[in-house]
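Engineer: Input: one structure, supplied below.
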Amino acid sequence: MKLFDVYPLFDINIVKGKGCHVWDEKGTEYLDLYGGHAVISIGHAHPHYVEMISNQVAQLGFYSNSVINKLQQEVADRLGEISGYDDYQLFLINSGAEANENALKLASFYNGRKRVLSFCKAFHGRTSLAVEVTNNPKIIAPINDNGHVTYLPLNDIEAAKAELAKGDVCAVIIEGIQGVGGIQIPDAKFMQELSKACEEADAVLILDEIQSGYGRSGKFFAHQHAGIRPDVITMAKGIGNGFPMGGVLISPKFKPVYGQLGTTFGGNHLACSAAIAVLDVMKKENLVENAAKVGAYLLAELKKFPQIKEVRGEGLMIGMEFEEPVKELRQRLLFEQKVFTGVSGTNVIRLLPPLCLTMAEADEFLARFKKLF
């Protein structure tokens, strides 16, 4: 049987990781400033993470959500404390797209409406509703194109208010920082006015923090830079440091009903152990603060490169936009300088390293990057 060929692959087989470094099957070491697409939050093969998962799978890897799982409540307690949302409710699932699907369903259950406002360059996932609110016609199949969504320019509050005033908007979904869209940051004032406008229209404000959350921006959630509290927050990627997991943080104004949402694998024992390990390490090693500090340093240093058109970002979520396509530059970084990075579109290189990236590793990246010019 062949694999369904939907991924353009680098001819590299990664077999080992440690901290912010990975190794291929030939023993070549790489500096990882991609984190497996912002997934590796506490570093590859962290000893505490390995121990927690190993101990849990040796005891019980899985049982269904038809019985008590005290690990779920531990995740909720710890997450509420570190995020500042201890009065919210937590629903655990398996991925970011699934988180957004459930968030949009909750919104529609809440106010009985169907129309959603999303934003130009938005990416929210590849499943049914999640892909429909994603601003990329190439990946929206005809069966997903159901006319639920109006796309608006990012940071255009008047356009958002005009749509909300029509009275039929179910939800507004927005990323804390657009990732696939090229590290585009919503203005704080825009976010504040959008939050207020949603409240006045009884539309649900959904903050997609799947890539920008879990400490990546230098705060636990990127929207906290704007000082707002949305109705629903979606999470995934860094929550399990590579173990498939997602979550939805839900405002107290939503009242749960038996059978309203459900999942087979979500919040299983092994996933919860991974999530608890991540929260342990984030707190003990001050990784949110580290992301803010090292990220600010990288942003300042990268802005000194005359070859870069614009540098954007918060914390360790950084985009470097160039005048010309970056495909060759990214390949040279990878194959000549042994540095993994991400891209967005044709002209933006993205940096999404583990949150444990040190100043020394940041300097090492800068030194390797300079050699390309």
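Engineer: State all residues of the range 18-46 that are free of Cβ contacts under 8 Å to residues at least 40 places away in the same chain and hydrophobic (A, V, I, L, M, F, W, C); if no residue qualifies, say none.
Structural biologist: Within the range 18-46, Trp23, Ala45 meet the criteria.
Engineer: Go over the candidates Glu163, Glu98 one by one and state the one that is in contact (Cβ under 8 Å) with a residue 24 or more places away in the chain, closer than 23 Å to Ile228 by Cα and not aromatic (Phe, Trp, Tyr).
Structural biologist: Every option except Glu163 fails the conditions.
Engineer: Quick check on the range 22-53: of everything there that is in contact with a Ser or Thr (Cβ under 7 Å, 6 or more places away or on another chain) and open to solvent by 40 Å² or more (accessible area, probe 1.4 Å), which residue is farthest from Lys284 (Cα to Cα)?
Structural biologist: Once the filter is applied, the top-ranked residue is Tyr34.
Engineer: Could you check, for the range 139-160, whether at least one of its residues is open to solvent by 10 Å² or more (accessible area, probe 1.4 Å), in contact (Cβ under 8 Å) with a residue 24 or more places away in the chain and under 17 Å from Leu316 (Cα atoms)?
Structural biologist: no
Engineer: Mind counting the residues in the range 321-364 that are within 22 Å of Asn241 (Cα to Cα) and in a helix (DSSP H, G or I)?
Structural biologist: 3
Engineer: Across the range 104-126, what is the number of residues that are on the phi < 0 side of the Ramachandran plot and either over 15 Å from the mean Cα position of the chain (by Cα) or among the acidic types (Asp, Glu) (or both)?
Structural biologist: Qualifying residue count, the range 104-126: 16.
Engineer: For the range 258-287, name all the residues that are in contact (Cβ under 8 Å) with a residue 40 or more places away in the chain, in a loop (DSSP other than H, G, I, E, B) and either buried (at least 24 other Cβ atoms within 10 Å of the Cβ) or not charged (D, E, K, R) (or both).
Structural biologist: Within the range 258-287, Gln260, Leu261, Gly262, Thr263, Thr264, Phe265, Gly266, Gly267, Asn268 meet the criteria.
Engineer: Out of the residues in the range 328-347 meeting the condition of being aliphatic (A, V, I, L, M) and open to solvent by 10 Å² or more (accessible area, probe 1.4 Å), tell me which one is farthest from Gln307 (Cα to Cα).
Structural biologist: Among those that are aliphatic (A, V, I, L, M) and open to solvent by 10 Å² or more (accessible area, probe 1.4 Å), it is Val343.
Engineer: Also, quick follow-up: Just to be sure before I move on: is Ile318 in a strand (DSSP E or B), out of contact with any Leu (no Cβ under 6 Å at 6 or more places or on another chain) and either at pLDDT 95 or above or of a type in the set (D, E, K, R) (or both) in the structure I sent?
Structural biologist: When the stated conditions are applied, Ile318 does not pass them.
Engineer: Would you point out which residue out of Gly213, Gly179, Gly238, Gly227 is at positive phi and either of a type outside the set (S, T, N, Q) or out of contact with any Gly (no Cβ under 7 Å at 6 or more places or on another chain) (or both)?
Structural biologist: Gly227
Engineer: While we're on this one: Lys70 fails exactly one of the following numbered conditions: (1) within 16 Å of the chain's Cα centre (by Cα); (2) free of Cβ contacts under 8 Å to residues at least 40 places away in the same chain. What is the number of that condition?
Structural biologist: Only one criterion in (1) within 16 Å of the chain's Cα centre (by Cα); (2) free of Cβ contacts under 8 Å to residues at least 40 places away in the same chain is unmet by Lys70, namely (1).
Rundown of residues vs (1) hydrophobic (A, V, I, L, M, F, W, C); (2) farther than 30 Å from Arg350 by Cα; (3) open to solvent by 40 Å² or more (accessible area, probe 1.4 Å); (4) in a helix (DSSP H, G or I), yes/no style:
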residue: Asn55; (1), (2), (3), (4): no, yes, yes, yes
residue: Asn65; (1), (2), (3), (4): no, yes, yes, no
residue: Ala76; (1), (2), (3), (4): yes, yes, no, yes
residue: Gly80; (1), (2), (3), (4): no, no, no, yes
residue: Leu92; (1), (2), (3), (4): yes, no, no, no
residue: Ala107; (1), (2), (3), (4): yes, yes, no, yes
residue: Tyr110; (1), (2), (3), (4): no, yes, yes, yes
residue: Val116; (1), (2), (3), (4): yes, no, no, no
residue: Phe123; (1), (2), (3), (4): yes, no, yes, no
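Quick grid of which residues meet (1) among the acidic types (Asp, Glu); (2) more than 26 Å from Ala159 (Cα to Cα):
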site	(1), (2)
Lys70	no, yes
Glu98	yes, yes
Glu101	yes, no
Arg113	no, no
Leu117	no, no
Ala122	no, no
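The values are calculated or read from the model by the stated rules, or taken from the named source; none is laboratory data. Since we're looking at a predicted model, the values are computed, not measured. Here the Cβ is made from the backbone with ideal geometry for all residues, glycine too, and neighbour counts use every protein chain on show. Heavy atoms of the whole protein, side chains included, go into the accessibility calculation; ligands, DNA and RNA do not. Shrake-Rupley method; radii C 1.70, N 1.55, O 1.52, S 1.80 Å.
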